[in-house]
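Everything on this sheet refers to the single structure shown next.
The values are calculated or read from the model by the stated rules, or taken from the named source; none is laboratory data. Bear in mind the structure is a predicted one, so any value in this text is a computation, not a measurement. Positions of Cβ are backbone-derived with ideal geometry, glycine not excepted, and every protein chain shown enters the neighbour counts. Just the protein is used for accessible areas: all its heavy atoms, side chains included, with ligands, DNA and RNA removed. Shrake-Rupley method; radii C 1.70, N 1.55, O 1.52, S 1.80 Å.
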Amino acid sequence: MAPRPDWVGSMLDVAGLRAGYAPVEILHGIDVSVGAGEIVALLGSNGAGKSTLNNTLSGLQRPFAGRVTFDGTDITGWPSARIVARGLVQVPEGRRVFPNLSVRDNLELGSYRRGGSGRTGNLERVVAIFPRLKERWHQLAGTLSGGEQQMLAIGRGLMSEPRLLILDEPSLGLSPLLVEDMFTLIGRLNADGLAILLVEQNVVQSLAIAHRAYVLENGLITLAGKASELADAPALRKSYLGQ
Ligand SMILES: Nc1ncnc2c1ncn2[C@@H]1O[C@H](COP(=O)(O)OP(=O)(O)O)[C@@H](O)[C@H]1O
Ligand SMILES: [Mg+2]
């Protein structure tokens, strides 16, 4: 379906999304949107359904009901390759790099579905963002540290010239110092104009860089609003910050 010419809505618009692992429903009707140029945080503790949502948005799982619109096009139920080709790109949880391929080969695979013509320039851009990857250029990805693998996973996502990047728990398993670096970097990518859906358990740092946020609990959005306002919301402070 072609985009409607009068379309002026969000870049990503999720309405009434139900999904899970048939016959078990995990997401019970989710409404989420991300506008052009926004960082939107999706917060929730372990098992809330964050990755299920990401995988459904990315076409790795088919939704049971609801609608996903990207850039004005209904992409509900599209296969993942076609969704990536549109520029909706996910960096999955647990940084799934190919362990037996080099850093360079992992990055190049990122431009398989999209960004092929800009590959050389994109490689240079990724290396400028993550100089460490250049130092590890021919090293097998499986031998990188956790932080380096996360850089590689994000770099690979950037190789496909995302219009919207979904990051699934990018700070998971990193040392506190690297977590700080990771959030700074995500903020910088957004400052360059990239729309980001930042999926995190790290509430304080996510709210500090996000424009808006949603809280997902047991497959339902229980709080939504401006990040600055949610940071002060008593319900959020009590549940996630123990205050
Ligand atoms: N492959 C799967 N099959 C069945 N249930 C799953 C599968 N993956 C996750 N789940 C269940 O879905 C729920 C949400 O998981 P998930 O989306 O991974 O949460 P989060 O990413 O927020 O930690 C959990 O109860 C989890 O056990
Ligand atoms: Mg998850």
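Couple of notes before you dig in:
- Orientation-averaged projection of the chain equals 13.2 nm² [convex hull of Cα atoms, one quarter of hull surface area].
- At full extension, Arg125 and Leu60 could sit 20.6 nm farther apart than now, given 0.36 nm per residue minus the alpha carbon distance.
- A Cβ-based charge dipole, computed about the Cα centre of region 96-162 with Lys and Arg at +1 and Asp and Glu at -1, lands at about 100 debye.
- The amide H of Ile30, built 1.01 Å from its N in the peptide plane, has Gly16, Leu17, Arg18 as neighbours under 5 Å, considering only residues 5 or more places off or on other chains.
- Multiplying the residue separation of Trp137 and Ala15 by 0.36 nm and subtracting their alpha-carbon distance yields 39.7 nm.
- Percent of C-alpha pairs per 5 Å bin in region 96-162, short distances first: 4, 22, 35, 25, 12, 2, 0.
- In the context of the full set of protein chains, residues of the chain present 46 Å² of accessible surface per residue (probe radius 1.4 Å, heavy atoms only).
- Evaluated at q = 0.13, 0.22, 0.31 Å⁻¹, a Debye calculation over the C-alpha positions of region 85-129 (equal weights, vacuum) places log10 I(q)/I(0) at -0.31, -0.89, -1.25.
- Förster radius 25 Å - calculated FRET efficiency between Phe98 and Glu180 (Cβ-Cβ, nearest 0.05): 0.35
- Sites Ala235 and Val204, calculated FRET efficiency, Cβ-Cβ separation with R0 25 Å, nearest 0.05: 0.95
- Label separation (Ser228 vs Tyr112): 4.3 nm, computed from points 7 Å beyond Cα along the C-beta direction.
- 3J(HN,Hα) couplings calculated from phi for region 18-32 with the Karplus curve 6.51 cos²θ - 1.76 cosθ + 1.60 (θ = phi - 60°) are, in sequence order, 10, 7, x, 10, 3, x, 8, 8, 9, 9, 9, x, 9, 10, 9 Hz; Gly and Pro show x.
- Ranked by how many other beta carbons lie within 10 Å on average, peptides 20-27, 189-196 from highest: 189-196, 20-27
- Antiparallel DSSP beta bridges within the chain, percent to nearest 5: 55
- Fraction of accessible area attributable to carbon and sulfur, region 96-162 (%, probe 1.4 Å): 48
- q = 0.14, 0.22, 0.26 Å⁻¹, region 110-203: log10 I(q)/I(0) [Debye, one scatterer per Cα]: -0.50, -1.27, -1.60
- Modelled spin labels at His211 and Ala85, positioned 7 Å past Cα toward Cβ, are 2.9 nm from each other.
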